[in-house]
Protein chains: 2
Amino acid sequence: MSTPRTPEIPENIVVSSRVRLARNLEGHPFPGWAKKADRIRIMEIVRPAVQLVEGMEEAYSQSMDNLTAIEKQVLVECHLVSREHAAKNVGSAIVINRERTLAVMINEEDHMRMQGIMSGFRLKEVYQLIDQLDTRLSAKLPYAFSPRLGYMTACPTNVGTGMRASAMLHLPALVLLDHINKIVQAVSKLGLAVRGLYGEGTEALGNLFQISNQTTLGEKEDVILDRISKVIAEIVKHEQNARLTLLEKNPRMVYDHIGRAYGILANAQTITSKETMNLLSMLSLGIDFALFDDLTHASVDQLFMDTQPAHLQQNHNNQKLVPEDRDGLRADYIRSRLTSVRRPRFAIPPRKDEKDAH
Amino acid sequence: MSTPRTPEIPENIVVSSRVRLARNLEGHPFPGWAKKADRIRIMEIVRPAVQLVEGMEEAYSQSMDNLTAIEKQVLVECHLVSREHAAKNVGSAIVINRERTLAVMINEEDHMRMQGIMSGFRLKEVYQLIDQLDTRLSAKLPYAFSPRLGYMTACPTNVGTGMRASAMLHLPALVLLDHINKIVQAVSKLGLAVRGLYGEGTEALGNLFQISNQTTLGEKEDVILDRISKVIAEIVKHEQNARLTLLEKNPRMVYDHIGRAYGILANAQTITSKETMNLLSMLSLGIDFALFDDLTHASVDQLFMDTQPAHLQQNHNNQKLVPEDRDGLRADYIRSRLTSVRRPRFAIPPRKDEKDAH
C-alpha cells in the first residue's frame, strides 16, 4: 500500500478580490430619478471621460442597448456587470479595460459604479488600482461630494466612501462540516455581509461566498479594508482547519464527495449549471488535496466559467438554447474536457479492524 | 461522428424463475403450532428423507442453529432461504443441492418449503425439477393431503397446489418512464402479486420486481404456470417497448442515468447496498444498450451479489462490520472491480438545432 500523501492547503481559498466605488456627478439627478434624456446626457459626459483616462485607452465600451441578452449575461457571469445593470438599456453603458481588472458601469444605481477585480486575496492592491482610476476621473468630472458626509450616492447605504470591498471565498469544508452558518452569523455580527455568487439575494452556489463591508459612512477606506481583510484571513484559517478536520476525522466522506463529483461530471449526459458549480467546487477541493494527477485550478475555473448559461450559448454559435438543450450541451462540454483526466487517487487510512488484523 | 449503434434488447429482462411447493407431514402439527420437541422430530424425519432423495446426495445441509447470522443472511441474499426461515434456530434446517437449483427449508411456515430456482425465463423447466423432487419425496414421506382441497398448508392461502411460481424481472425502463405503477396495477388485477427483491413487503431495489401467483386453490399447476408465463411475457414486451421509447424519445435522459451510475460506482468512497443495487441496475441496462465495451452481465450480477451486506462481510474475513464500514468496503470493492472498465460510449443523435445547422 502506498503511503498516504499529506495534502497541503494552498492559498486559493480566496478566489477573487473586488472593490467598487459609487460616484455621481454634481447637479444631475441620480439615474433612478433621471429622465431618459438626462441619463443620455450623463452618459455622454461620463463615458468619454472614462475612455480617455490613462489605462482605459483600449477599453471595451458599449451602450447597454447595443448588447444582446447573451452578451449582457456573459458580463454578469464574469462579474464585470451587475445583474441590475444588465437589465438596463438606452442611457446606460459599460467600460471595461483590456485586462478586465477595471470596469465602470455608467448609470447603474449611481452615475458611476467603478470596480477593480483581481484573482486571489489582493484587496489592497485592487483598492490602489480603483483608487487611481477614481483619482484620475475626479480630475475630469465634478463629483457630488459633501465635505461632511463624503461621496453622495443614490442609496443612503453607500453615502460616505461609496466603497464596497468584497472577496469571493471558496469554503467547501466549512459547508461539508456544517459550520458555515456559524461563520455567516459571526461575520454578520462584525458588520460584514455574506452573499452568494452573484451578490445580494443570490444563492451560495459552488460553495462560494462573497464577504463585503456593510457600512460606508464614518470610516476611512483603509480602515474598512483593514477590517474586512482581517475577517477574511480569519475565515480562511477556519476553512483550512475544517479541511484538516475532514481529512483527519472523516477522509472517506470528503473523498466520497470528490470522487462522486468527478464521476458524475465525467459521465453525465445532462447537467444543470447549479449542479455543475457544486460538483466543480468538489473537484477544486480535490486539487487542493492533491488527488488529481492531471487537473489544475485553471482548468476547473475555466470549466466553471464556460459552463454558465450565457458563456455556454456564446460559445455555441451565440445561439439561444432552451435550458434542456443547454444542460445536454453543458454535459457534453464537461465530458470532453475531462476525457483525459484520470480518476482521483485516494489514500484512505485503513479501517480500525484492518489495522488490528495486522 | 460515429453512426449511432442500434441497440439490441436482449432477453435478460427475466433474471430468474422460481417455483416453490409447500408440503406438510400428516399427523404432525404445523411448525407454528408445534412445540420444540415436535419440530425436532419432524426435522429428523424430513431431513434424512430429503438428503437421501435422488439428486440431493451431495447436498449442503445445516440445522439453522448451526449457522451464524452472516451465513444465514448470505443464504437469504442468494434467495435460497426466506427471511423468515433465516430467523429460525433449533428445529429448523436447510438442504440445498450442489447446483443451488433446489433448496428445501424444513420447518419454515410449513414442514417443507421446497424451491427450484434457475436464471432466466424457465418457469416450466423449474417446475419439472421441483415436481420431480416432490414426487420422489412423496414416495418416502406421508404428505398431509386432502382429495378435495389438495395439499394442506399452515396458511390457507397456500392450500391446494401449495405452489408459488415467481419470476424476478428487471424493469428499469418501465421505472424510468414512470409506467411501472400501471403495470403493477394491471398485474394485480390478473390475480398475480408484484413484490420487491426479497419477497413480501420488501422494496423494489435495483428495479427488480417479483411476479408471482396469488391463488393455489382450484387450479392445476400447469394452468397457473401457463397464466403467469403469459403475463410475464407481456411485461417483458412492455419493458422492451419502454426501452425503445426511451432511446427514441429521450436517449439523453436514459444515457444520463447510465453514465452517472457508472461514474458514481467507479468513484464513490462510500455507498449503501440500496444505492449500489439501483446503480448496478443502470449498468445492466447500459450493457443491454451495448454502451460498455468491457462490462458483462455476469460481472454486474457478481457485483450485485458480492456487494450485499452478508456477502460483503463473508468475503471480508467473515467479520461483522457496522454499516458505515460496510459502505466504505463496498465502495472500495466496486471501484476495484471497475478500474479496468472504460466509461460508457454514447451516440446521442444531434440536437435539432445542430441538424438544422448542417
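The values are calculated or read from the model by the stated rules, or taken from the named source; none is laboratory data. Computed from a predicted structure; not experimentally measured. When we count neighbours, we look across all protein chains shown, and the Cβ atoms used for this are built from the backbone with ideal geometry, even at glycine.
Here are the numbers:
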| item | result |
| --- | --- |
| Residue tally, condition of a type in the set (D, E, K, R) and closer than 30 Å to residue A:312 by Cβ, over the range A:48-70 | 2 |
| Odd one out for residue A:216, checked against (1) assigned by TED's automatic domain parsing to the domain that holds residue A:280; (2) farther than 23 Å from residue A:342 by Cα | (1) |
| Matching residues, the range A:205-216, being modelled with pLDDT under 90, in contact with a Leu (Cβ under 7 Å, 6 or more places away or on another chain) and surrounded by 17 or more Cβ atoms within 10 Å (Cβ to Cβ) | A:205 |
| Check on residue B:335, out of contact with any Cys (no Cβ under 6 Å at 6 or more places or on another chain) and either farther than 29 Å from residue B:73 by Cβ or small (Gly, Ala, Ser) (or both) | no |
| Pairs, first within 23 Å of residue B:118 (Cα to Cα) in the range B:87-107, second in a strand (DSSP E or B) and charged (D, E, K, R), C-beta under 6 Å, six or more apart | B:105/B:113 |
| Every residue from the range A:140-165 that is part of a helix (DSSP H, G or I) and either hydroxyl-bearing (Ser, Thr, Tyr) or buried (at least 18 other Cβ atoms within 10 Å of the Cβ) (or both) | A:157, A:158 |
| Test: residue in the range A:92-99 that is under 19 Å from residue A:154 (Cβ atoms), in contact with a Gly (Cβ under 8 Å, 6 or more places away or on another chain) and modelled with pLDDT of 95 or more | no |
| Candidates B:74, B:95 - the one that is of a type in the set (Val, Ile, Thr) and under 20 Å from residue B:138 (Cα atoms) | B:95 |
| Yes/no for residue A:126 being touching a strand residue (DSSP E or B) at 6+ places or on another chain (Cβ under 7 Å), surrounded by fewer than 23 Cβ atoms within 10 Å (Cβ to Cβ) and among the β-branched types (Val, Ile, Thr) | no |
| Selection from the range A:167-192 of residues that are within 25 Å of residue A:115 (Cα to Cα) and assigned to a helix (DSSP H, G or I) | A:184, A:187, A:188 |
| Any chance residue A:330 is within 14 Å of chain B (Cβ to nearest Cβ), under 21 Å from residue B:338 (Cα atoms) and in a helix (DSSP H, G or I) | no |
| Sole residue being in contact (Cβ under 8 Å) with a residue 60 or more places away in the chain, surrounded by 22 or more Cβ atoms within 10 Å (Cβ to Cβ) and β-branched (Val, Ile, Thr), chosen from A:70, A:117 | A:117 |
| Condition check for residue B:290: under 23 Å from residue A:286 (Cα atoms) and either under 25 Å from the mean Cα position of the chain (by Cα) or modelled with pLDDT of 95 or more (or both) | no |
| Selected residue [small (Gly, Ala, Ser), out of contact with any Ser or Thr (no Cβ under 9 Å at 6 or more places or on another chain) and more than 14 Å from chain B (Cβ to nearest Cβ)] from A:281, A:336 | A:281 |
| Restricting the range B:217-275 to residues that are among the basic types (Lys, Arg) and more than 14 Å from chain A (Cβ to nearest Cβ), the residue that is surrounded by the most Cβ atoms within 10 Å (Cβ to Cβ) | B:243 |
| Residue in the range A:185-204 that is at pLDDT below 95 and either among the aromatic types (Phe, Trp, Tyr) or not assigned by TED's automatic domain parsing to the domain that holds residue A:123 (or both) present | yes |
| Residues satisfying the stated conditions in the range A:1-51, i.e. basic (Lys, Arg) and modelled with pLDDT under 90 | A:5 |
| Selection from the range B:221-263 of residues that are within 18 Å of residue B:346 (Cα to Cα) and in contact with an Asp or Glu (Cβ under 8 Å, 6 or more places away or on another chain) | B:243 |
| Test for residue A:305: is it more than 9 Å from every other protein chain (Cβ to nearest Cβ) and either of a type in the set (Asp, Glu) or buried (at least 22 other Cβ atoms within 10 Å of the Cβ) (or both) | no |
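Every residue, every condition in (1) of a type in the set (S, T, N, Q); (2) in contact with a Phe, Trp or Tyr (Cβ under 7 Å, 6 or more places away or on another chain); (3) under 19 Å from residue B:175 (Cβ atoms), yes or no:
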position: B:267; (1), (2), (3): yes, yes, no
position: B:287; (1), (2), (3): no, no, yes
position: B:305; (1), (2), (3): no, no, no
position: B:317; (1), (2), (3): yes, no, no
